[in-house]
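Peer 1: There's a structure below that I have some questions on.
The values are calculated or read from the model by the stated rules, or taken from the named source; none is laboratory data. It should be emphasised that the depicted structure is a prediction, and the values quoted were computed from it without experimental measurement. Reconstructed Cβ throughout: ideal geometry from the backbone, glycine too, with neighbour counts over all protein chains shown.
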Amino acid sequence: MSSPTSLPEVQATFVAQRRALTLLLLTLAYFFSYMDRQILAILNEDIIRDLHLSDAQMGMLGGLAFAIFYAGLGIPVAWLADRSNRVRIIAIALAIWSAFTAAGGLATNFWQLLGARIGVGIGEAGSSPPSHSIIADLYPPEKRASALSIYSLGVGLGAAFGTIIGGVVATKYGWRVAMYVIGLPGLLLALIIWLVVPEPKRGLSDAQVAMEDTKPTLADGFATLFSNRAALHLIAGFTLTSMIGYGHTAFGPAYLMRSFAFTKLDIALKIAPAAAVILGIAAIASGKLADRLTRERGLYAQSTMVAVLKTCALPFTITYCLASTTQLAVGAYFVAIFFSTAYLGVTFALIQSEAPVRLRATWAAIMLLINNMIGLGIGPMAVGAISDALKPTYGTESLRYAMFTFAAITPWAIFHYWRAGVLLKRKWAERQATI
């Protein structure tokens with residue numbers, strides 16, 4: 001006669017059965033966050049004309065103003081997520097940022113739009129750290145890179161579909177309606193996540209669970225992360241890569257419009273769909289490759305993989321910035337994003353694998369705090385400021401050289417991923433020696 005199944009076992013089985021659905025819904029939330037975050041890029045030129053703004057002001061709206069609140073609130077929200085129900089936090093956060101995205105369509109001046117974008121940043125602070133923590137609980141280390149690479153699809157696909165939807169709607173109905181169309185559907189998704197996604201047990205997919213019965217402090221999160229040199233190099237590489245990416249994404253459509261006479265519809269219907277397909281293939285393939293390398297060589301190989309792929313991407317990124325023809329610029333852009341996409345999901349997975357189980361959301365939030373204050377906070381604003389400074393010399397071509405300046409930083413990021421791989425390999429070898 002079989003023994004009765006305990007309630008915790010029943011709950012664990014239920015959570016496992018919904019693992020794929022949970023990953024899908026969390027990826028959709030991340031997708032919506034990037035649509036809402038990057039919608040300004042395709043609307044850039046329309047907003048500048050309508051509200052009489054400069055490139056630097058647009059860079060502030062898309063960067064620093066958002067990043068200060070997004071990154072700053074991420075720490076207390078993550079602390080709460082490590083101690084309470086993460087699913088509820090994500091659902092509430094999604095509802096907040098979706099509402100403020102739509103509210104941006106009501107703005108009639110810079111300060112009103114600034115307020116709306118700050119609201120988006122406040123809401124999005126509650127999305128990624130608890131999502132990383134949940135996914136790490138649902139997937140074991142040897143499958144974690146694939147899972148978090150699927151989750152990272154939200155970045156590329158969100159930005160691409162935000163461009164597609166925003167470009168088409170803005171062309172026909174204006175930029176304000178585009179903000180409503182992008183923002184409001186997130187309210188429905190928030191309700192679905194609240195009702196459907198289960199809260200998994202901490203460390204559900206880990207062989208050994210540390211600190212399971214304790215509630216760590218915020219100081220524990222900072223102390224454990226800043227004592228991990230490999231994690232610090234990962235965060236440095238991630239932050240520098242994001243700074244370049246955010247700067248290019250914020251002004252990429254404007255660059256194509258100014259330097260190659262693209263229209264919003266050209267970008268929305270020709271560039272963005274192709275980019276979405278390439279980003280999707282690259283993210284999934286890089287996650288599977290990372291997991292395979294983990295099984296064959298160890299976790300350290302994931303960081304080395306990112307360094308190699310970023311090195312492959314660099315000449316194409318530079319070509320994209322300096323190309324003299326449309327065909328060369330677009331071709332180089334597609335190749336560059338194929339190789340560049342690998343870093344995101346892999347970095348998320350590495351950080352979650354290094355983090356103590358009860359501090360996963362806090363580690364993710366600290367990483368995102370540093371990344372967004374520097375990467376998102378400085379990236380778009382600096383590209384805009386450099387472009388404004390170069391306009392007297394280069395006119396409409398100023399964005400080209402502002403974006404090239406940022407692309408030239410890439411070797412610095414590559415070094416940090418390489419160094420993280422060296423340190424992780426050393427730790428892996430030490431563990432193997434004790435077995």
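Peer 1: For VAL155, indicate whether it is closer than 25 Å to ALA178 by Cβ, within 16 Å of the chain's Cα centre (by Cα), part of a helix (DSSP H, G or I) and at pLDDT below 85. Please lay out each step first, then the result.
Peer 2: Values: closer than 25 Å to ALA178 by Cβ: yes; within 16 Å of the chain's Cα centre (by Cα): yes; part of a helix (DSSP H, G or I): yes; at pLDDT below 85: yes.
For VAL155, the condition - closer than 25 Å to ALA178 by Cβ, within 16 Å of the chain's Cα centre (by Cα), part of a helix (DSSP H, G or I) and at pLDDT below 85 - is met.
Peer 1: With PRO380, PRO392 as the choices, which residue is more than 24 Å from LEU289 (Cβ to Cβ) and surrounded by 23 or more Cβ atoms within 10 Å (Cβ to Cβ)?
Peer 2: Numbers: PRO392 fails: surrounded by 23 or more Cβ atoms within 10 Å (Cβ to Cβ).
So the residue among PRO380, PRO392 that is more than 24 Å from LEU289 (Cβ to Cβ) and surrounded by 23 or more Cβ atoms within 10 Å (Cβ to Cβ) is PRO380.
Peer 1: Modelled with pLDDT of 85 or more, surrounded by fewer than 24 Cβ atoms within 10 Å (Cβ to Cβ) and not charged (D, E, K, R): is that true of THR347 in this structure?
Peer 2: Spelling it out, it is not the case that THR347 is modelled with pLDDT of 85 or more, surrounded by fewer than 24 Cβ atoms within 10 Å (Cβ to Cβ) and not charged (D, E, K, R).
Peer 1: Here is a further query. Go over the candidates ASP266, ASP291, ASP206 one by one and state the one that is surrounded by fewer than 19 Cβ atoms within 10 Å (Cβ to Cβ), of a type in the set (D, E, K, R), in contact with a helix residue (DSSP H, G or I) (Cβ under 9 Å, 6 or more places away or on another chain) and at pLDDT 85 or above.
Peer 2: Numbers: ASP291 fails: surrounded by fewer than 19 Cβ atoms within 10 Å (Cβ to Cβ); ASP206 fails: at pLDDT 85 or above.
Only one candidate qualifies: ASP266.
Peer 1: Can you name every residue in the range 423-435 that is at pLDDT 85 or above and surrounded by 15 or more Cβ atoms within 10 Å (Cβ to Cβ)? Full working, then the answer.
Peer 2: So the first thing to find is which residues in the range 423-435 are at pLDDT 85 or above, and the list is 423-426.
Hits for the range 423-435 are LEU423, LEU424, LYS425.
Peer 1: Would you check which residues across the range 391-407 are at pLDDT 90 or above and more than 25 Å from GLY375 (Cα to Cα) and list them?
Peer 2: Those that are at pLDDT 90 or above and more than 25 Å from GLY375 (Cα to Cα): PRO392, THR393, TYR394.
Peer 1: Is it the case that HIS132 is at positive phi and either of a type outside the set (D, E, K, R) or without any contact (Cβ under 8 Å) to a residue 60 or more places away in the chain (or both)?
Peer 2: Working: at positive phi: no; either of a type outside the set (D, E, K, R) or without any contact (Cβ under 8 Å) to a residue 60 or more places away in the chain (or both): yes.
No.
Peer 1: Continuing with the same structure: Name the single residue, out of those in the range 97-110 being surrounded by fewer than 24 Cβ atoms within 10 Å (Cβ to Cβ) and closer than 18 Å to ALA41 by Cβ, that is nearest to the chain's Cα centre (by Cα). I'd like the intermediate steps shown before the answer.
Peer 2: Step one: of the range 97-110, the residues surrounded by fewer than 24 Cβ atoms within 10 Å (Cβ to Cβ) are 99-100, 102-103, 105-110.
Narrowing the set further to residues that are closer than 18 Å to ALA41 by Cβ leaves 100, 102, 105, 107, 110.
Numbers: PHE100: 19, ALA102: 21, GLY105: 24, ALA107: 26, PHE110: 26 Å.
So, considering only residues that are surrounded by fewer than 24 Cβ atoms within 10 Å (Cβ to Cβ) and closer than 18 Å to ALA41 by Cβ, the one nearest to the chain's Cα centre (by Cα) is PHE100.
Peer 1: Name the residue that is surrounded by the fewest Cβ atoms within 10 Å (Cβ to Cβ), counting only residues in the range 161-178 that are β-branched (Val, Ile, Thr) and either in contact (Cβ under 8 Å) with a residue 60 or more places away in the chain or not in a helix (DSSP H, G or I) (or both).
Peer 2: If we filter the range 161-178 for residues that are β-branched (Val, Ile, Thr), which is where we start, we get 163-165, 168-169, 171, 177.
Subsequent filtering for residues that are either in contact (Cβ under 8 Å) with a residue 60 or more places away in the chain or not in a helix (DSSP H, G or I) (or both) retains 163-165, 168, 171, 177.
On the way: THR163: 28, ILE164: 21, ILE165: 19, VAL168: 18, THR171: 17, VAL177: 14.
For the range 161-178, the residue satisfying everything is VAL177.
Peer 1: Further question on the same structure: I'm trying to understand the selection: among the residues of the range 7-35, which are modelled with pLDDT under 85 and of a type outside the set (Phe, Trp, Tyr)?
Peer 2: Within the range 7-35, LEU7, PRO8, GLU9, VAL10, GLN11, ALA12, THR13, VAL15, ALA16, GLN17, ARG18, ARG19 qualify.
Peer 1: Ok, one more. Among the residues of the range 211-224, are any at pLDDT 85 or above, of a type in the set (A, V, I, L, M) and either surrounded by fewer than 21 Cβ atoms within 10 Å (Cβ to Cβ) or within 28 Å of ILE378 (Cβ to Cβ) (or both)?
Peer 2: yes
Peer 1: A further question on this structure: Go through LEU94, LEU113 for me and flag whichever is buried (at least 24 other Cβ atoms within 10 Å of the Cβ), more than 16 Å from the chain's Cα centre (by Cα) and either on the phi < 0 side of the Ramachandran plot or assigned to a helix (DSSP H, G or I) (or both).
Peer 2: LEU113
Peer 1: Still on this structure, I have one more. Tally the residues that are crowded, with 24+ Cβ neighbours inside 10 Å and within 16 Å of LEU28 (Cβ to Cβ), restricting the search to the range 127-152.
Peer 2: Looking only at that region, the number is 12.
Peer 1: Now for a separate question. Only one of ALA385, ALA389 is hydrophobic (A, V, I, L, M, F, W, C), part of a helix (DSSP H, G or I) and free of Cβ contacts under 8 Å to residues at least 40 places away in the same chain; which? Reasoning before the result, please.
Peer 2: On the way: ALA385 fails: free of Cβ contacts under 8 Å to residues at least 40 places away in the same chain.
Checking each option against the conditions leaves just ALA389.
Peer 1: Related question: Name the residue that is farthest from LEU314 (Cα to Cα), counting only residues in the range 401-431 that are assigned to a helix (DSSP H, G or I) and among the β-branched types (Val, Ile, Thr). Talk me through it step by step, then tell me what you get.
Peer 2: Our first condition is that a residue be assigned to a helix (DSSP H, G or I); within the range 401-431, this holds for 401-407, 410-431.
From the residues that got through so far, the ones that are among the β-branched types (Val, Ile, Thr) too are 405, 410, 414, 422.
Details: THR405: 13, THR410: 7, ILE414: 10, VAL422: 21 Å.
If we take residues in the range 401-431 being assigned to a helix (DSSP H, G or I) and among the β-branched types (Val, Ile, Thr), then VAL422 is farthest from LEU314 (Cα to Cα).
Peer 1: Here is a list of conditions, (1) assigned to a helix (DSSP H, G or I); (2) more than 30 Å from ARG144 (Cα to Cα); (3) modelled with pLDDT under 85, and ALA71 meets all of them except one; can you say which number that is?
Peer 2: It fails just one condition, (2).
Peer 1: For the range 235-284, how many residues meet the condition of being among the basic types (Lys, Arg), touching a residue at least 40 places away in the same chain (Cβ under 8 Å) and more than 18 Å from ILE386 (Cα to Cα)? First the steps, then the outcome.
Peer 2: Initial filter on the range 235-284 (among the basic types (Lys, Arg)): 258, 264, 270.
Checking which are touching a residue at least 40 places away in the same chain (Cβ under 8 Å) leaves us with 258, 264.
From the residues that got through so far, the ones that are more than 18 Å from ILE386 (Cα to Cα) too are 264.
Of the residues in that region, 1 qualify.
Peer 1: Of all residues in the range 256-300, which are over 16 Å from GLY156 (Cβ atoms) and among the small types (Gly, Ala, Ser)? Working first, answer last.
Peer 2: Initial filter on the range 256-300 (over 16 Å from GLY156 (Cβ atoms)): 256-266, 269-270, 288-300.
Matches in the range 256-300: SER259, ALA261, ALA290, GLY298.
Peer 1: Quick check on ILE122: is it modelled with pLDDT of 85 or more, surrounded by fewer than 22 Cβ atoms within 10 Å (Cβ to Cβ) and either among the β-branched types (Val, Ile, Thr) or under 25 Å from MET373 (Cβ atoms) (or both)? Quick ask: steps written out before the conclusion?
Peer 2: On the way: modelled with pLDDT of 85 or more: yes; surrounded by fewer than 22 Cβ atoms within 10 Å (Cβ to Cβ): yes; either among the β-branched types (Val, Ile, Thr) or under 25 Å from MET373 (Cβ atoms) (or both): yes.
Yes: the conditions hold for ILE122.
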